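The values are calculated or read from the model by the stated rules, or taken from the named source; none is laboratory data. Just so it is clear, the model here is predicted, and its values are computed rather than measured. Every residue, glycine as well, gets a Cβ built from its backbone with ideal geometry; the counts of neighbours run over all protein chains shown. These accessible areas exclude ligands, DNA and RNA; they are computed on the full protein's heavy atoms, side chains included. Shrake-Rupley method; radii C 1.70, N 1.55, O 1.52, S 1.80 Å.
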Amino acid sequence: PESVKTAYNTMKWIVTIGWAIYPIGYFMGYLAGGVDVNALNMIYNIADVLNKIGFCLAIWACATTESDA
């Protein structure tokens, strides 16, 4: 169904872009030595919240669309 395709594409972008924050943060903070540890921790926490909530909202939107149909 179209709602599943939409949810899949949304989740694909969340994983591709949203989860890219973690290796970029690791590189900047530990390998390049350019980020404060506390700032890096805050960035990781914000990324966690946004990625997990966004992923769940995509699933919820798909489920409610399919249950309405």
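Numerical summary
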{"quantity": "Over the chain: helical MRE at 222 nm, DSSP H runs n ≥ 4 each giving -39500 (n - 2.57), nearest 500", "calculated": "-24000 deg cm²/dmol"}
{"quantity": "Reduced Cα scattering model of the chain, Debye log10 I(q)/I(0), q = 0.20, 0.23 Å⁻¹", "calculated": "-0.77, -0.90"}
{"quantity": "Residues of the chain: accessible area per residue with a 1.4 Å probe, Å²", "calculated": "74 Å²"}
{"quantity": "Cα long-axis angle, helix 37-68 against the chain (0 to 90 degrees, to the nearest 10)", "calculated": "0 degrees"}
{"quantity": "Helix 2-13 axis, angle to the chain major axis (alpha carbon atoms, nearest 10°)", "calculated": "0 degrees"}
{"quantity": "Cα lying deepest toward the dipole's positive end in the chain, options Ala61, Tyr30, Thr10, charges on Cβ", "calculated": "Tyr30"}
